[in-house]
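What follows is a short report on a single structure.
The values are calculated or read from the model by the stated rules, or taken from the named source; none is laboratory data. Every value quoted in this text rests on a predicted model; they were computed, and no experiment measured them. All Cβ positions, glycine included, derive from the backbone under ideal geometry; neighbour counts span all protein chains shown. Accessible surface areas use protein heavy atoms only, side chains included; no ligands, DNA or RNA. Shrake-Rupley method; radii C 1.70, N 1.55, O 1.52, S 1.80 Å.
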Amino acid sequence: MGGETSNRAPSSYPTLAKYPVGQKIQSIYKDRLRQFTDGGQYGGQSLLSVLYEGRASGDDFVKLSVYSVPNLERPPFKEAVSHEFKPTRVGESFGPSWSTHWFKIELQVPSDLQHKERLEFHWDASNEGLIWTEDGTPLQGLTGGGERNEWILPNAFRDGKRHTFYIEMACNGMFGNAPGGDSIQPPNPDKYFRLNLADIVAVNLEAKALFVDFWIIGDAAREFPGDSWQSHEALQVGNAIIDAFIEGKGSQESVLEGRKIAKKYLGDKVNSSKVYDTEHEPLVYAIGHCHIDTCWLWPWAETKRKVARSWANQCDLMDRYPEHRFCCSQAQQYKWLEQLYPALYDRVKDKVKKGTFQPIGGSWVEHDTNMPSGESLVRQFLYGQRFFESHFGDRCRTFWLPDTFGYSSQLPQLCRLAGMKRFFTQKLSWNNINNFPHTTFNWVALDGSQVICHMAPSETYTADAHFGDVKRSITQHKSMDQDATSLLVFGKGDGGGGPTYEHLEKLRRCRGLSDTVGLLPRVKMGHSVEDFFDRLEKRAEDGTEFVTWFGELYFELHRGTYTTQANNKRNNRKAEILLHDVELLATFASLKDIAHKGDSYKYPKKEIDEMWEKVLLCQFHDCLPGSSIEMCYDDSDKLYAEVFETGEKLLEDILSFLGFSKRVSSDSTLTAVNTLPWSRAEILELPHTENDSGAPQYCLMAGDTGILKHQTLSEKSPESSVSVKEVKKGVFQIANKDYKIEVVGGSITSLVDLAVDRELIPSGEKANQLVIFDDKPLYWQAWDVEVYHLESRQELPAGKTEILESGPHKASLVTETRISENSWVKTIISLKASVEGQKSYVEMESEVEWREKMKFLKVEFPVDIRNTEASYETQYGIVKRPTHYNTSWDMAKFEVCCHKWADLSENGYGVSILNDSKYGFATCGNLMRLSLLRAPKAPDAHADMGRHHIRYAIFPHAGPLDARTVRAAYNFNHPLKLRSHLSSTTATASLLQAVKLEGFPSLVLDTIKRGEDDEDVSKGELPTRKGRSVIVRIYEALGGKSRGTIKTTLPVKKVWKCNVLEDDGEELGISDGQVQVELRPFEVATFRLQLE
């Protein structure tokens, strides 16, 4: 063995150590990375110092003049540029808040910059702006404050001649005009903006690219696990880039060398969209998005300009980045763009055809889903989908609602009925008590309908496309057992803007990194949201069982939005009811000529559409919830006023056409118009005449749906009378055949149901007790009420009570309660005489002067009922919620949303609380509590200040919760309309009963309207249908399979069960004007009756 010769090559490893080499201190070298791209004391020696190759400014190259628009007006381009422009310069300030200033820029590129690779115009006044061509084409939005302040100059500007363009300056930042750094504070009305920058700039594109390279590599060093090879390698590569830059003294060669080094970590494809053209399967699908709150910290008028600024930017990016796909919802915003910026709308429409600009969502706006009625939710989809189909040739397949404050339990059913199987959101990631447990799941409605839901695990809809956003798309994914893919929704949002070029560049590098060194999930651009959900649906078809979530997606935050801006919420409820009545009566009036061979009435489709679009706009998720600035409620007040003016006029025109009059005369018959689908019997106060004594006069109106007949009331019968008396000082008793009530200081200390001899108020407790709470949430004032506010409960002191009306048809007590030096409540407790066959209710009507600061007013009803669940009306159904705090999930629902009623029942008995305009409620044990008014001071400093009128009632019922409560709440909200009729009412009564529903009492005929595309109704936006049709919408209200019969006297030849978009589905049989229907629990069913 000895003496053998080795064939190994000689080693160059030195024998002696040349010098000591130490271990790099990771934290120090990691911190060093920031120096290379940060400003500060080393900014002049960092990469920032070589981003630009030249700059020109001043009148020789950038000549500025301005037209300052008076009176906070926002004129269109032609009007604005027709005015005189006065010279101005950088350094001048412009304002006040919300004002508009048009700048004329006369630009001449100097000779030394004309041949540079990239020339940009940089403009920054820390406010928003829009660049226009000289002939009035909008080009690109500007954000200001260091963001999106560049515009790439056309090559035609390199000729050394002067070129003109305009900038429309809006004196507001991306998030309005809040003072200081807290964006939700009320806006400062006198804010001015300094023009800081107006330069021609030559950009070093390679240095800019290196900036993004280094950004992502630095993030990898910091955010990959410290013990990973990828983190160590990123740190080595990042420091090597810095060393090369220092060695090359910041030369262009050193920049190119830095980019070469970066390829070791990012790969060699990051300069183009080809980086995504690999066979590797991605996990994260990135989609550009621009969430524009239709109103919030700015008024609607500014939103219209935000849309133009934001969408122009995206069209520009699509031209530069072929992989860019951008989705945007809200048909209202597309309509504004079409009306106000037709050239830009055409550009958007072209991008839609190419598939790069992608309409999504299917709704009119991104609306609140807690408080709109069921029919309003239907109309959000009906008007949204019809707009998208008529303007872009297709309907949306995904409901897109990333920022709304909770999601009501019937949305999956309504989505399916509107042609959408998918739902995207992320808002529940904001929960402040419990973490929602799923990312991708089947969300199931009350009726069993489901949609596939995805909540972005990045937990944002405005991602900055950072390394961390891509990483969190997997590390925070909660459904990886079923599917590991996710959506990354990126782009500046809330105030608009959308993706920037930096977002797109960063994502290219994230993908390059994933394919080169691994560990970071692969991100993919170039697909759509629909593509993403198509893959999920395919997985479900192939056997993947996604987890299910039944019922509402309750948002554990922003609970105060059920109450804030009370008058706005009242307007919403009243407008919904008005539209219901107008559509129903207009439908029958438009069919009078075929029902009774009478005159014809033109169905007012245009006016109804305008009313609905205004109401739907006001249901935007920062308007109806009450979380916008005061200017937004000035806007919504005007829109509601227009809705009420139009609606009341239509109502009177229709009733006049049908023979009704407001004027009572000796030759007319006094009637009441009942627009609800069941019989009613109610005592009504007669209108005053010149000859009466001034004392209230009453009559009984009773009958079926349509027209109720007038019946004279007897004052002698104890069976049909009500009495009130003071039984001892300060103690009052009101009684009718149903109840005996005791009132002390405005509170009800006893309420006995005489029919079953049951006391409803626990001993020593007080119902109708006004209470006030300190209301200072952790941050979001208008939005939130926190659980700790319950610990500050104070009863308002008893006020003096007097008899207001003493019967025999109505008895009332009035109590005025002092809240504070500036606030008071005047409450009338009233009870009417009993009506045969119809249980009465105890009504409270409050007038409130409210001048408080950060307080919460509620009214309490302790009842002698025990149950671990209370029931609340929601759209087209009932939600049951706990009355206890067993778990954190239970306690999180300390304040919930309800519609017209809430109910607490035990076996054999229950109590419902009805209301006419409120949405906040709580049931804790046996204590029912209706929320009345809040007093937040941000973002509207005057929210809810002033006068309020509120009606609510106690409706006890023997037996379980059933149709009696449902109908009583409808009756409470739909007052009968007293009218005289100038001729026999027989024909009119028959017409108003031309479509009826009979059967199980749980079935509610909620809507009657004309078909959208009937040839005598259609506005022509979609193909018309021959003949006339009637749309009938019915829902099952109590949660059980129910059968009924649609009965009609109209000449109906065919009947279809259809979806809410009125597409025909199953044809149903009709015999002798009768159609048999069966609905599953909580089903919403729409039927189209085609007339001959």
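Which percent of the accessible area of segment 722-978 is formed by carbon and sulfur heavy atoms (probe 1.4 angstrom)?
Answer for segment 722-978: carbon and sulfur cover 47 percent of the accessible area.
Helix 300-320 versus the longest principal axis of the chain: what is the Cα-based angle in degrees, 0 to 90, to the nearest 10?
Taking Cα atoms only, the helix is inclined about 40 degrees.
Note the listed values (1) -0.26, -0.39; (2) -0.30, -0.45; (3) -0.20, -0.32, then indicate which one is log10 I(q)/I(0) by the Debye sum over Cα atoms at q = 0.04, 0.05 Å⁻¹ calculated from this particular structure.
The value matching this structure is (1).
With every protein chain left in place, what is the accessible area per residue of the chain in square angstrom, probe 1.4 Å? Walk me through the numbers before you get to the answer.
Details: 42350 Å² over 1092 residues.
Dividing the accessible area of the chain by its residue count gives 39 Å².
What does the highest-first list of 159-168, 22-31, 961-970 look like by mean Cβ count within 10 Å?
Order by mean packing, descending: 961-970, 159-168, 22-31.
Nearest 20 debye, what's the magnitude of the dipole of segment 426-479 about its Cα centre given +1 on Lys and Arg Cβ and -1 on Asp and Glu Cβ?
Using Cβ point charges on Lys, Arg, Asp and Glu, segment 426-479 gives about 120 debye.
By its C-alpha gyration tensor, with a ≥ b ≥ c as the square roots of the eigenvalues, how is segment 994-1091 shaped: rounded for a/c under 1.5, else prolate for a/b larger than b/c, else oblate?
Values: a/c = 2.23, a/b = 1.59, b/c = 1.40.
Because a/c hits 1.5 or more and a/b exceeds b/c, segment 994-1091 counts as prolate.
Specify which residue in the list ASN155, LEU778, PRO10 is farthest towards the positive end of the charge dipole of the chain, using unit charges on the beta carbon of Lys, Arg (+1) and Asp, Glu (-1), about the Cα centre.
Toward the positive end, the furthest listed residue is PRO10.
For segment 994-1091, what proportion of DSSP beta bridges, expressed in % and rounded to the nearest 5, is antiparallel? Present the calculation step by step, with values, prior to reporting the outcome.
Numbers: 35 of 36 bridges.
Restricted to segment 994-1091, the bridges split so that about 95 percent are antiparallel.
Just order 535-543, 215-223 by mean Cβ neighbour count inside 10 Å, highest at the front, would you?
My ranking of the peptides, most packed first, is 215-223, 535-543.
Take the solvent-accessible surface of the protein heavy atoms, probe 1.4 Å, and return the percent of it on segment 569-667 that carbon and sulfur atoms account for. Don't skip to the answer; put the middle values down first.
Details: 1740 of 3580 Å².
About 48 percent, which is the carbon plus sulfur part of the accessible surface.
Could you state the angle between the C-alpha long axis of helix 566-590 and the longest principal axis of the C-alpha atoms of the chain, as a value from 0 to 90 degrees rounded to the nearest 10?
So the inclination is approximately 70 degrees.
For GLU53, tell me the accessible area in Å² from a 1.4 Å probe, rounded to the nearest 10.
Here the residue's solvent-accessible area equals roughly 80 Å².
Where does the chain land at 222 nm, in deg cm²/dmol rounded to the nearest 500, when only DSSP H runs of n ≥ 4 count, each adding -39500 (n - 2.57), divided by all residues?
That comes out to -8000 deg cm²/dmol.
By how many nm would the segment from VAL744 to ASN434 grow when fully extended, if each residue of separation counts as 0.36 nm and the alpha-carbon distance is taken off?
My answer for the length gained is 107.4 nm.
For segment 722-978, what class follows from the C-alpha gyration tensor (a ≥ b ≥ c being the square roots of its eigenvalues): rounded when a/c is under 1.5, otherwise prolate if a/b is larger than b/c, else oblate? Write out the running numbers ahead of the final one.
Numbers: a/c = 1.65, a/b = 1.22, b/c = 1.35.
Cα axes put segment 722-978 in the oblate bin.
Can you list the aspartates and glutamates whose alpha carbon is less than 15 Å from that of LYS893, not counting same-chain residues fewer than 8 positions off?
GLU552, GLU556, ASP784, GLU786, GLU869
Using a 1.4 angstrom probe with every protein chain in place, what is the largest-first accessible-area order of ARG32, ARG559?
Numbers: ARG32 55, ARG559 5 Å².
So the residues, ranked largest to smallest area, are ARG32, ARG559.
Nearest 20 debye, what's the magnitude of the dipole of segment 772-921 about its Cα centre given +1 on Lys and Arg Cβ and -1 on Asp and Glu Cβ?
That gives a dipole near 100 debye.
Cα gyration tensor of segment 818-967, axes a ≥ b ≥ c as square roots of the eigenvalues: rounded (a/c below 1.5), prolate (a/b > b/c) or oblate?
Cα axes put segment 818-967 in the oblate bin.
In debye to the nearest 20, how big a dipole does the chain give about its Cα centre with +1 on each Lys and Arg Cβ and -1 on each Asp and Glu Cβ?
Rounded to the nearest 20 debye, it is 440 debye.
Cut-off under 17 Å on the C-alpha distance; same-chain residues fewer than 8 positions from LYS810 excluded. Which lysines are left, in chain and number order?
LYS716, LYS725, LYS737, LYS740, LYS832, LYS839
Once you have the Cα-Cα distance between GLN35 and GLN339, take 0.36 nm times their residue separation minus that, and quote the gain in nm to one decimal.
Result: 104.6 nm gained on full extension.
Taking every DSSP beta bridge with both residues inside the chain, roughly what % is antiparallel (nearest 5)?
About 90 percent, rounded to the nearest 5.
Which listed residue (CYS415, GLN358, ILE1008) has the Cα farthest towards the positive end of the charge dipole for the chain, taking +1 on Lys and Arg C-beta and -1 on Asp and Glu C-beta about the Cα centre?
So the residue furthest toward the plus end is GLN358.
Helix 963-973: angle to the longest alpha-carbon principal axis of the chain, degrees 0 to 90, nearest 10?
Once rounded, the angle reads 80 degrees.
So which aspartates and glutamates pass the test for LYS30, namely a Cα distance under 18 Å, with those fewer than 8 places away in the same chain ruled out?
Answer for LYS30, where 18 Å is the Cα cut-off: ASP38, ASP213, ASP219, GLU223, ASP227, GLU233, ASP243, listed by chain and number.
Between HIS232 and ASP962, what length in nm is gained on full extension when 0.36 nm per residue of separation is reduced by their alpha carbon distance? Could you put the intermediate results ahead of the total?
On the way: separation 730, 0.36 × 730 = 262.80 nm, distance 6.71 nm.
Using 0.36 nm per residue and subtracting the Cα-Cα distance, I get 256.1 nm.
My understanding is that a pair violates if its Cα-Cα distance is over 28 Å; which of LYS349/LYS1019; LYS638/LYS1009; LYS304/LYS492 do that in this structure?
Check vs 28 Å cut-off fails for no pair.
What figure in square angstrom, to the nearest 10, would you give for the accessible area of GLU545 with a 1.4 Å probe?
Estimated to the nearest 10 Å², GLU545 gives 150 Å².
Contact order normalised by length for segment 52-203, with contacts defined as Cα pairs under 8 Å and 6 or more residues apart; what percent is it? It would help to have the intermediate numbers written out before the result.
Details: 353 pairs, mean separation 53.0, N = 152.
Relative contact order comes out at 35 percent.
Normalising by the residue count of the chain, find the relative contact order in percent from Cα pairs under 8 Å and 6+ residues apart.
Reported as a whole number, the value is 9 percent.
Given a 1.4 angstrom probe, I'd like the percentage of the accessible area of segment 994-1091 that is carbon and sulfur, rounded to a whole number.
Numbers: 1690 of 3740 Å².
Using a 1.4 Å probe with all protein chains present, segment 994-1091 comes out at 45 percent carbon and sulfur.
Along the Cα→Cβ direction, 7 angstrom out, place labels at SER792 and ASP268. What is the inter-label distance in nm?
6.6
Would you work out which of PRO625, MET611, THR548 lies farthest towards the positive end of the dipole of the chain, given +1 charges on the beta-carbon of Lys and Arg and -1 on that of Asp and Glu, about the Cα centre?
Positive-end residue among those listed: THR548.
Below 8 Å between Cα atoms, with a sequence gap of 6+, how large is the relative contact order for segment 1015-1092 in percent?
43
Hey, rough spin-label estimate for ASP350 and LYS729, points 7 angstrom out along Cα→Cβ, what's it come to in nanometres?
With each label point 7 Å from Cα toward Cβ, the separation is 8.7 nm.
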